[in-house]
1. Using the charge dipole of the chain (Lys, Arg: +1 at Cβ; Asp, Glu: -1 at Cβ; taken about the Cα centre), state which of T102, Y34, F426 has its Cα farthest towards the positive end.
2. In terms of modelled amide H atoms, which long-range or inter-chain residues lie less than 5 Å from the amide H of G14?
3. Heavy atoms only, probe 1.4 Å: what % of the accessible area of region 26-188 goes to carbon and sulfur, would you let me know?
4. Taking square-rooted eigenvalues a ≥ b ≥ c of the alpha carbon gyration tensor, is region 1-151 rounded, prolate or oblate, where a/c under 1.5 means rounded and, failing that, a/b exceeding b/c means prolate?
5. Taking H placed 1.01 Å from N in the peptide plane, check which residues at least 5 places from I245 or on another chain put their amide H under 5 Å from its amide H.
6. Accessible area per residue of the chain at 1.4 Å probe, in Å²?
7. Give the cross-link partners of K250 among the aspartates and glutamates, using a straight C-alpha distance below 13 Å as the criterion and excluding same-chain residues fewer than 8 apart.
8. From the backbone phi of region 435-443, what are the Karplus-calculated ³J(HN,Hα) couplings (6.51 cos²θ - 1.76 cosθ + 1.60, θ = phi - 60°) in whole Hz, Gly and Pro given as x?
Amino acid sequence: MQQYFSLADCDVMGFDLDHTLCRYHLPQSARLIYDSFAQYLVTEKGYDKDLLTLAPDSLDFCCKGLVLDIEEGDFLKLAEDGTVLRASHGTKSMTSEEILETYGRREWKHFNTVSGMVSRSAKYYLYDNYFDLPGALLCARVVDSLDQHDGQKKYDFWKDMVAAIQHNYKISAFKEDCGTYFPEVKNHPDKYLQTCPESVKKWLKQLKSAGKILLLITSSHSDYCRLLCEHILGNDFEEYFDIVITNALKPGFFSHTPNQRPFRTLENDEEQEALLSLDKPGWYSQGNAIQLYELLKKMTGKLDPKVVYFGDSMHSDIFPARHYSNWETVFILEELLGDKVTLPAETESEPLEKKGKYEGDQLKAPYFVSKQWGSFFVDRLPGLENAEETLVRTWSCKCISTYSTIAIPSLEAIADLPLDYRFTRFSSNSSATAGYYPSPPRALLPNEESVTMK
């Protein structure tokens, strides 16, 4: 029997901000993120200045679900059982023979720790959201550059990459106009941010009118959060939410105890002393899901209020909200739009602002299927000579059906549905495509049986 999921049954709706409520113009933001890291590596750490130039089609390398094997300088696309499906050394794709020679047809050595979604490691890095992806391209180009000049066998550029990320995104960077990223978004928000569709604003208001408690939980600091929300929702954005939590430092928000990660109040975007408990709705910084849930019990008057959380990162949003807090999870997956690369003729008459949503400049939107990496959802096992190639699900695809309640391309996709609409949820006894709305990715559809389900 199919299981169903309805928002009407939830008491609390939690939303991530970046790439969930706030959608970006992906080609422009990808280029900006790439530049902000590359500038730092070149000017502060002495890396090759060729890293600053980017060929228009090079963002094709960016594909969610890649894992960087840091010491080897290899990028890997994994099957659900940890077998390496595709790989590149730096930006250069490895052949099936090279993959078999290096990795064999067995699970990648770190797979058991990755698949448990444990914290980041010094040995590998998982690229699972649009803020991270341009960094994958930069790291790959760094490997190319080091190979060219030094012929290295083991790589230790990662500490510099971490420093570049911290320099651009640290909590004080927005206020200090530090780095490349924040100053540019502050000066040209329209270039990078899409305004929130009217249908989504109306839907948020309907949720509140229906008695739902609305949360905004973002790892962005309060000053950047305010810039985004004012731009996409308007100056009255706080009226949409009962509780706003910034600098949430996910996934730690879900996994840490109140002692490890207390809530803090804010004054002029400066964090104040730690709170012993969370007593009332409002705007807070840091914090933890345990104390938040205690407040939600008070606010709903229920012993076991049902929470659903919408987010775009498997590592920071979906897995921890499900695993630690047992919340329902809605995965925002723009890759579900990747099927629509060819627009049917009748859309030509649409107004330009609708049509040109993602085609802002000559850089390809990252979610259109990467030529180098292929489908986010499935791939063929490498190295098999016979014509009967086995299509297998990727590890990323397996995670979606394991940890998400449903997956949707955007909030807009469900904003016009009635609140009691019944979605078919992912579950172990339903088909591989059950939880995708409005439709499953095409890659999973052709004779579904050929996608081997473990």
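The values are calculated or read from the model by the stated rules, or taken from the named source; none is laboratory data. Worth saying up front: this structure is predicted, and the values here are computed from it rather than measured. When we count neighbours, we look across all protein chains shown, and the Cβ atoms used for this are built from the backbone with ideal geometry, even at glycine. Heads up: the accessible areas ignore ligands, DNA and RNA and are worked out on the full protein's heavy atoms, side chains in. Shrake-Rupley method; radii C 1.70, N 1.55, O 1.52, S 1.80 Å.
1. Toward the positive end, the furthest listed residue is F426.
2. Sorted by chain and number, the residues that satisfy this are L215, V308, Y309, F310.
3. C and S atoms contribute 49 percent here.
4. It comes out oblate by the Cα gyration axes.
5. L216, I217, T218, Y284
6. On the way: 19860 Å² over 454 residues.
Ligands and nucleic acids excluded, the result is 44 Å² per residue.
7. Those aspartates and glutamates meeting the cut-off are D16, D18, D312, D317.
8. x, 7, 10, x, 8, x, x, 4, 4
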